[in-house]
Amino acid sequence: MKPLQLFIVCNISFFFLLGKQNFFAVNFYNYKNFSPYTLFGTVKTIAARAGTEDTLTNLALQFNERMGSTSKSFLILFIPVLAVCIAAFFIGKRRYMAEHLVFATHYFSFVLLYYLAFHFIVEVPFWLLSPHNYSSSFDMSTSLINLVLLSAYFVLAARRFYNLSNLHSIIGGLFIAVVFVCCIYAYRMFLFYKIMQSIL
């Protein structure tokens, strides 16, 4: 299966099997109360749209409803961004941009499959067994584990695709971990403002 075909299959599976719950989506409550989101004007934007408690509740309901579908509609944007970052890091390899796009598509397809499996193997059992819907310690620990595992996969995949040394591939894995986290938060902020603009 070609990388783009693989991504399409993974994206469709991700869309239908996860429903409104997915790693890329963030609840309205988090945008309103937690950093780093509040550092980017979310509180002021929400306050301008919700003057009363009833308005705030209605806004939150509409926002969360749209977040589930919108968060999965623009995932393809990750691929060119990752490709450019990978090309910049591996500039000495003198590969064509198309090759970096192929690798980025392959890697992001793995990311989608990973989070799909993670949702059913880890998150669903936690929600069923936990008396609370949210745990900051669980969220923090699983986020760290996920980042380590995704970075490890990048190390293995990049070493094979670009014929890298162990050290070079490990440094690349650390680099892509930082890039991926930045991309995630940038994507979530993009979703916040896009959804807020769409709610009349």
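None of the figures in this text is laboratory data; all of them are computed from the coordinates on show. This one's a predicted model, so the numbers in the text were calculated from it and none came from an experiment. Methodologically, a virtual Cβ is constructed for each residue, glycine included, from the backbone with ideal geometry; neighbour enumeration extends over all protein chains shown.
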Practice task
Would you mind getting me the FRET efficiency between Leu129 and Tyr153? Use the beta-carbon distance for r and R0 = 35 Å, nearest 0.05.
Solution key: 0.80
Practice task
Return the Cα extents of segment 3-198 along principal axes one, two and three, sorted largest first, each rounded to a whole Å.
Solution key: 58, 36, 29
Handout entry: Arg49-Arg95 pseudo-label distance in nm [points 7 Å out on the Cα-to-Cβ vector]
Key = 3.9
Fill in the blank from the handout: CD proxy, 222 nm, the chain: helix-only mean residue ellipticity via -39,500 (n - 2.57) per DSSP H run with n ≥ 4, per residue, nearest 500, stands at -25500 deg cm²/dmol
Exercise for the section: Report relative contact order for the chain in percent, whole number only (criteria: Cα-Cα under 8 Å, sequence separation at least 6). Expected result: 30
Completion exercise
GNM of the chain, Cα pairs under 10 angstrom: of Leu75, Leu128, Leu116, the biggest fluctuation goes to Leu128
Problem - Loop-located trypsin sites (Lys or Arg not before Pro) in segment 88-176, at most 14 other Cβ atoms within 10 Å (DSSP) - result: Arg94
Problem - Gaussian network model of the chain, springs between alpha carbon atoms under 10 Å - residue of Gly68, Gly41, Gly172 with greatest fluctuation - result: Gly41
Handout entry: Neighbour cut-off at most 12 other Cβ (10 Å), DSSP loop, chymotrypsin sites (Phe, Trp or Tyr not before Pro), segment 12-99
Key = Tyr96
Practice task
Using the Karplus curve 6.51 cos²θ - 1.76 cosθ + 1.60 with θ = phi - 60°, work out ³J(HN,Hα) for each residue of segment 191-200 in order, rounded to whole Hz, and write x for Gly and Pro.
Solution key: 5, 4, 6, 5, 5, 4, 5, 7, 8, 7
Fill in the blank from the handout: Restricted to pairs 8 or more residues apart or on different chains, the lysines in segment 3-198 with C-alpha atoms under 27 Å apart form a number of pairs equal to 10
Exercise for the section: Determine ³J(HN,Hα), in whole Hz, for all residues of segment 84-91 in sequence, where each value follows from phi through the Karplus function 6.51 cos²θ - 1.76 cosθ + 1.60 and θ = phi - 60°; x replaces Gly and Pro. Expected result: 5, 5, 5, 4, 5, 6, 9, 4
Completion exercise
Taking 0.36 nm per residue of separation between Leu200 and Ser73 and subtracting their Cα-Cα distance, the length gained on full extension comes to 43.7 nm
